[in-house]
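Asks: Dumping the structure here so I can ask a few things about it.
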Amino acid sequence: MDFFIQMLASGLSVGAVYALVGLGLNLTFWTTRVLNFGQGAVLMVGAMVTAVLIASGTHVIFAVAVALLTAAFILILIEALAVRPLAKATGSMGWIVSTLGAGILLQGLASWRFGTQAVAFPDVLFSSADTVQFLGAYISVQYIAVFVISVLIVVLMELFLRRSTWGYAVRAVAHDNEFAALLGIPVRRVVLASFMVSGLLAGVAGILVSQVSGTVDPGFGMHLLILAFVATVVGGMGSAFGSLVGGLLLGVLEKLVGGYWSPAAAEIVAFILLVGVLTIRPQGLFGKPEAVKV
Amino acid sequence: MKSMLNKLQGVISNAYVLIVLMLAMAVAAPFSDAGTVQMWCFAAINVLLAQSVNLLTGIAGQISLGHAGFFAIGAYTSAIAMTNWGVPLPLAVAFSSLMGTAVGYLLSIPAGRVREFYLAMMSLAFGLIVYELLREWRGVTGGVMGMRGIPSAQIGTLELFGIELGTVEYFWGLLFAVLVVMWMLRNFVKSHFGRAFYAVHVSELSAGSLGISQGATKRFAYALSGCIAGLAGGFYAFLVGYLTPESFTMMRSVEILVMTIVGGLGSLVGPVLGAVLFTYLPQKLQAFNDYQYIVYGLVLLLTFTLLPKGLAGLFNVHTRFSKRDQLKLTTDANAALTMRTPAFDPLLRVEDVVMEFSGLRALAGVSLELRRGSVMALVGPNGSGKSTLVNVISGIYAPTHGKIYFQGRNISGLPSHVIAQAGVSRTFQDPRNVPAFTVRENVLMGANRLYRHNALSAAVNAKWAKVEESRELARVEALLGAAGLSDSGDKVIGDLPYGTQRLAEVARALASDPELLLLDEPAAGLSEAEAEQLVGLIRLAQRHGVAVIVIDHHMDFLAGLVDEVVVFEAGEEIYRGDMDGMRTDPAVIEAYLGAEETENA
């Protein structure tokens, strides 16, 4: 029972991070119809910069700020180099390859600069030794903090997108960017802002997930990208609420299967979930089916 | 300089040069040192891998980011088959490609319903999972320690029917496999299968209207790609004699993708260039090894912007998608369409069809009947539902209510490719040709539903395949003549004027030898001479008993052509009858010009 509750807690905690990563993916998908295959590496950069700066004696707050700004800046670069030049090319082949390339380049730069070994991630939120007791099980305070912060950000973003003028602009661009431009919405700025915020979210998610896992290495983003994508697909591409539900579901499933069986089995479960959802209900639990445009 | 480049282009793009080069290597192999031949073997395996990605990505437009997964499955399958079960070499390698085929097919099961990037992400996940499985499934794969002691050409433990195979003999076998695969790929790409792959790549909507199932086509592409990658894996296992999961990481998938993209997607020569380049670079340049990730990242990031067609594009290599260069034609101008006997039963019956888009009623209960050999015009103001009706009949939309019978069979709500297969052909409001294809290839693509020969016949150029291809080529020739396009048959359609593209699209629709032809504003943007050609094509169809529905605004164009006019407004029929009656009908006049002022001011 204790073990079950611990697995549940860690599942909810990583699941909330998947939702956060998924939200970042969704944000740029809404505005440009581009899925950033390099997002995983941006998570890594956020965590890596934080870890390296703190290790060199920088104050935590300053380190996190620099890491987040770096992540946001990288997304702007990705928009300029990997997304915008290929927007006019027909099909998605161009941007899939170029955003993946951006991710691999970041991974290469990180390995070159910091080495390929895993770096220990410092305690940014509480200490890994802090626990609270719940139904007889000890649960890490870090798990709880990560869960609360992630869910809070997702909910706030959802509210922001639904209520604010910028939120309306994002949704208008998502619906039809040419029409949005005709209505006087500064499409270009909305797109750039969406990439910037997506970068910030990726940075935060990278730091949070490293806090739970304890280490960061140049290659760690790819799995997270895929799991976040699975969460988004399960919840429904384009639905922030959906990615939260999908993320939590996937996180819990992954930890329970991983805990009771094996971590490799957990990955296979995630993959089967992805194939299953795409085959049976491609729009996910809360998404709308895509309309055909003639 | 320019002429030298041209000569180089000619040499590089010539398939025979490639064959001669390969033969020269085969002859030179026994006289070269083992290390060199070993490298050639690796290059050959990379060529297979790059061709496998090229077929999937360059031709069918589906991206695989996990090709190392197929490669690994192939390698481990044949290694296990030989070491554990004693399966002889050729069978083991064949077994590898079978496994690759099966896994490729399974992986692409959702392909019919989702866009490419979902599959790309899935393939990425697939690659990572295969790697994890190789590490975790110790009992079968040997885990992180890998599999040792696989019979290998390198150390002289590989045997075939009791004869020991060294690296040179192995290279010969490998080279032969590469030649056969490339020859088959070339024939395959030039067949209706290749055209279907490319049609799905360019526009799924348009592919459906040609009777091509996008789901089945994508699954076939994945399965074939898996087959070739599995084959490469099978050869790899007996070359190195030692397999570890670290040879099949995500970076391996990225490397395969880089080779293909740098070489040039969509051509047969490109992947060869890319594979050879990226086999030798890491060997010759230490710096390349140190910064491998950075280099690959940069290549993927920038190639599509800077060099979209890769090295092959630099040498101006064009892939052609028909076997016209291989076949002799028998031209027979009357053979373009089948003669149909007139029938009294209506060919098409639309019964009370309603189409709603989230509350908006585009069609509010439309009914009509159409017989063979008759031409019906749909007329009405913009947004009156004409195009929607054509889209509903051709299966792009499933109607909200109502039924559509075609040849007595209810086709409402069937997928567009099934309806097209049944003999309903259409054109679109804006032409949806394949811009990179020639006019001839585009028109030939229309004939897709008439082909019966299978993929293997297409790949080995069996007699059956040749007969069908030359028959269709002859029909296309006749149609090009009828459309006045004989002179531009071999020009790339994307470079031609708008009117030519439209006429070609109508010819393409006729190439399917349809029962029912749906034309959505075919005369828009045509010159007078082109409009006459169009009238000629429609009359040709009518004479052969094809039923035609044509949407247009040009009354002069329609006047001499149609048997019946149906006028729509706001999704409802407001007039049905002949052209003269329409001009004087008060409801039609009101819809077009607005109501007359009746009050006295």
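Asks: Of all residues being under 9 Å from the mean Cα position of the chain (by Cα) and not hydrophobic (A, V, I, L, M, F, W, C) in the range B:156-202, which is surrounded by the most Cβ atoms within 10 Å (Cβ to Cβ)? Just the residue, please.
Replies: B:H192
Asks: Considering each of A:V257, A:V230 in turn, give the residue that is outside any loop (DSSP other than H, G, I, E, B), β-branched (V, I, T) and either within 12 Å of another protein chain (Cβ to nearest Cβ) or over 24 Å from B:I129 (Cβ atoms) (or both). Outline the logic, then answer.
Replies: Working: A:V257 fails: either within 12 Å of another protein chain (Cβ to nearest Cβ) or over 24 Å from B:I129 (Cβ atoms) (or both).
On inspection, the qualifying residue turns out to be A:V230.
Asks: What residue, of B:E441, B:E469, is farther than 16 Å from B:F197 by Cα, touching a residue at least 40 places away in the same chain (Cβ under 8 Å) and acidic (D, E)?
Replies: Details: B:E441 fails: farther than 16 Å from B:F197 by Cα.
That would be B:E469, the only listed residue that is farther than 16 Å from B:F197 by Cα, touching a residue at least 40 places away in the same chain (Cβ under 8 Å) and acidic (D, E).
Asks: Same structure, new question: So which residues in the range A:265-291 are surrounded by 16 or more Cβ atoms within 10 Å (Cβ to Cβ) and either within 8 Å of chain B (Cβ to nearest Cβ) or of a type in the set (D, E) (or both)?
Replies: A:E267, A:I268, A:A270, A:F271, A:L274, A:V275, A:L278, A:P282
Asks: Given (1) away from chain B (no Cβ under 14 Å); (2) buried (at least 18 other Cβ atoms within 10 Å of the Cβ); (3) part of a loop (DSSP other than H, G, I, E, B), where does A:T58 come up short, assuming only one miss?
Replies: (2)
Asks: So which residues in the range B:141-155 are open to solvent by 20 Å² or more (accessible area, probe 1.4 Å) and touching an Asp or Glu at 6+ places or on another chain (Cβ under 9 Å)?
Replies: Residues satisfying the conditions are B:V144, B:P151.
Asks: Being surrounded by 19 or more Cβ atoms within 10 Å (Cβ to Cβ) and at pLDDT below 85 is true for just one of B:A111, B:A44. Which residue is that?
Replies: Numbers: B:A44 fails: at pLDDT below 85.
Answer to the check: B:A111.
Asks: Consider B:I294 carefully, then state whether it is facing chain A (nearest Cβ under 10 Å), surrounded by fewer than 20 Cβ atoms within 10 Å (Cβ to Cβ) and touching a helix residue (DSSP H, G or I) at 6+ places or on another chain (Cβ under 7 Å).
Replies: On the way: facing chain A (nearest Cβ under 10 Å): yes; surrounded by fewer than 20 Cβ atoms within 10 Å (Cβ to Cβ): yes; touching a helix residue (DSSP H, G or I) at 6+ places or on another chain (Cβ under 7 Å): yes.
Here the answer is yes, as B:I294 does meet what is asked.
Conditions (1) out of contact with any helix residue (DSSP H, G or I) (no Cβ under 6 Å at 6 or more places or on another chain); (2) modelled with pLDDT under 85; (3) assigned to a loop (DSSP other than H, G, I, E, B), marked per residue:
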| site | (1), (2), (3) |
| --- | --- |
| A:A110 | no, no, no |
| A:T116 | yes, yes, yes |
| A:D123 | yes, yes, yes |
| A:A129 | yes, yes, yes |
| A:Y138 | yes, yes, no |
| A:V148 | yes, no, no |
| A:L152 | yes, no, no |
| A:V155 | yes, no, no |
| A:E158 | no, no, no |
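Asks: Select from the range A:192-223 the residues that are crowded, with 24+ Cβ neighbours inside 10 Å and touching a strand residue (DSSP E or B) at 6+ places or on another chain (Cβ under 8 Å) and list them in ascending order.
Replies: Of everything in the range A:192-223, those that are crowded, with 24+ Cβ neighbours inside 10 Å and touching a strand residue (DSSP E or B) at 6+ places or on another chain (Cβ under 8 Å) turn out to be A:G206, A:S210, A:V216.
Asks: Considering only the range B:383-483, give the helices (runs of 4 or more DSSP H) lying wholly within it that have at least 2 residues that are open to solvent by less than 10 Å² (accessible area, probe 1.4 Å) and within 14 Å of chain A (Cβ to nearest Cβ). Steps first, answer last, please.
Replies: Working: elements: B:386-393, B:416-421, B:439-446, B:455-460, B:463-482.
Output list reads B:386-393.
Asks: Which members of the range A:235-254 meet the condition of being open to solvent by 10 Å² or more (accessible area, probe 1.4 Å), in a helix (DSSP H, G or I) and of a type outside the set (D, E, K, R)? Don't jump to the end; show me each part of the working.
Replies: First, the residues of the range A:235-254 that are open to solvent by 10 Å² or more (accessible area, probe 1.4 Å): A:237-239, A:241, A:244-245, A:248-249, A:252-254.
Narrowing further to those that are in a helix (DSSP H, G or I): A:241, A:244-245, A:248-249, A:252-254.
Residues satisfying the conditions are A:F241, A:L244, A:V245, A:L248, A:L249, A:V252, A:L253.
Asks: Anything in the range B:186-206 that is of a type outside the set (V, I, T), in a helix (DSSP H, G or I) and either over 22 Å from B:L456 (Cα atoms) or not assigned by TED's automatic domain parsing to the domain that holds B:L107 (or both)? List them, or say none. Working first, answer last.
Replies: Initially, the range B:186-206 is screened for residues of a type outside the set (V, I, T), giving B:186-188, B:190-199, B:201, B:203-206.
Narrowing further to those that are in a helix (DSSP H, G or I): B:186-188, B:192-199, B:201, B:204-206.
Selection gives B:E204, B:L205, B:S206.
Asks: What pairs come out if I take residues in the range A:108-131 that are farther than 17 Å from A:Y143 by Cα and pair them with residues that are modelled with pLDDT of 80 or more and surrounded by fewer than 14 Cβ atoms within 10 Å (Cβ to Cβ) whose C-beta lies under 6 Å away, six or more apart or interchain?
Replies: From the range A:108-131, the pairs are A:A118/A:T215; A:A120/A:T215.
The values are calculated or read from the model by the stated rules, or taken from the named source; none is laboratory data. A quick note: this is a predicted structure, and the numbers were derived from the prediction, not measured. Neighbour counts run over all protein chains shown; Cβ positions are idealised from the backbone, glycine included. We work out accessible area using only protein heavy atoms, side chains counted, and drop any ligands, DNA or RNA first. Shrake-Rupley method; radii C 1.70, N 1.55, O 1.52, S 1.80 Å.
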